[in-house]
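Quick note: the coordinates plus some simple rules give every number you see, no bench work behind them. Please read all numbers here as calculations on a predicted model, not as lab measurements. We place every Cβ from the backbone using ideal geometry, glycine too, and count neighbours over all the protein chains shown.
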Amino acid sequence: MFHSTSAVALLLVIASAGTTLFQRGADSSPRQDLVGRQVDAQVVRVADGDTLEAIVRGESRPIRIRLEGVDAPELGEVFSREAQRFLQALVAKVSVRVTGRDLDNYGRLVARVAAGGLDASTALVRAGLACHAYARDAALAREESQARAVGVGFWAANAKKPICVERTAFSARSSSTSSPATRGRRSTKATPPVRESNGFRGNENSKLYHAPWCPNYNCRNCTRLFASEAEAKMAGFRPAADCLRK
């Protein structure tokens with residue numbers, strides 16, 4: 001009886017250790033070495049419509065990847081599950097090509113991910129399951145315009161819209177406030193922030209700024225208004241944690 005009990009206990013310890021190994025999360029250290037590189041990888045988890053984990057060929061631990069150029073519905077929002085399932089179907093059981101572009105605020109690799117020659121960011125926008133983010137990619141902008149015209153995904157006439165629609169529309173308005181003639185020109189004197197009712201709000205006490213979609217946008221001390229994120233950062237403000245992407 002003693003030996004049997006000991007054996008069971010030993011098996012439980014081994015099983016527990018094995019579970020810990022299998023449940024070990026993705027590598028959280030910033031992978032600056034992958035920025036500007038193309039690598040092949042195997043996707044092991046799709047967290048949502050624009051975030052996944054993949055193991056680079058020749059490595060053993062997965063890294064977190066945020067798809068560049070798109071903003072998919074947050075989990076719990078309308079079309080969030082559709083976007084997640086779409087991305088899962090695209091990258092499942094195939095080797096993907098990852099092109100690292102940058103690191104985000106969480107140290108995740110911002111990258112374009114292609115499966116079978118199809119770019120995931122393009123496919124999501126084309127299907128109406130992600131917004132073209134931040135108006136930086138002309139090809140994605142065209143894909144979104146086409147998706148809206150056809151009425152696919154959340155662009156359907158009677159479909160409820162995820163918050164990324166408002167978020168990216170605001171970003172596009174902000175980026176268009178400067179003209180081509182003045183864009184990039186450095187002013188020789190300081191100018192007061194543009195007072196827009198839908199601008200970014202800064203907390204004078206914490207020096208954090210909030211976007212219109214952030215939970216604490218209307219906080220008591222959020223009295224400083226900015227026309228853009230760039231303006232807020234130039235004034236010494238940092239993005240609030242509740243505004244950062246997952």
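Hey, could you grab the Kirkwood Rh for the stretch 200-243? Inverse mean 1/r over distinct alpha carbon pairs, Å, one decimal. Intermediate values should be presented prior to the final figure.
Details: mean 1/r = 0.1028 Å⁻¹.
With all distinct Cα pairs of the stretch 200-243 included, I get 9.7 Å.
Could you grab the relative contact order for the stretch 34-111? Cα pairs under 8 Å, six or more apart, rounded to a whole percent.
Computed over the stretch 34-111, the figure is 39 percent.
For each of C222, C131, C164, count neighbouring Cβ atoms within 10 Å of the residue's Cβ, then give the residues from fewest to most.
Listed from fewest to most nearby Cβ atoms, that is C222, C164, C131.
If contacts are Cα pairs under 8 angstrom and at least 6 residues apart, what is the relative contact order of the stretch 200-243 in percent?
48 percent
In nm, to one decimal, how far is the modelled label at S145 from the one at E204, with both set 7 Å along Cα→Cβ?
Calculated label separation equals 4.3 nm.
Rg and Dmax of the stretch 32-160, Cα atoms, in Å?
14.2, 47
Which residue, L109, A41, G69, has the largest displacement toward the positive end of the dipole of the stretch 21-120 when charges sit on each Cβ (Lys, Arg +1; Asp, Glu -1)?
Checking the options against the dipole of the stretch 21-120, the answer is A41.
First select every other residue whose beta carbon is under 15 angstrom from the beta carbon of N205; then total the charges, Lys and Arg +1, Asp and Glu -1. Could you put the intermediate results ahead of the total?
Numbers: positive: R201, K207, R220, R224, R238; negative: E204.
Summing Lys and Arg as +1 and Asp and Glu as -1 gives +4.
What does the charge count near Q38 come to, summing +1 for each Lys or Arg and -1 for each Asp or Glu among other residues with Cβ under 14 Å from its Cβ?
Its environment carries a net charge of +2.
Could you calculate the FRET efficiency of K160 with N218 from 1/(1 + (r/R0)^6), where r is the beta carbon distance between them and R0 is 30 Å, rounded to 0.05?
Efficiency computed from Cβ-Cβ geometry: 0.80.
For L109, L118, which order do you get if you count the other beta carbons within 10 Å of each Cβ and list the fewest first? The partial results should precede the final answer.
Working: L109 27, L118 13.
Ordered from fewest to most neighbouring Cβ atoms within 10 Å, L109, L118 come out as L118, L109.
In what order do V44, V98 fall by count of nearby beta-carbon atoms within 10 Å, going from fewest to most?
Exposure proxy ranking, most exposed first: V44, V98.
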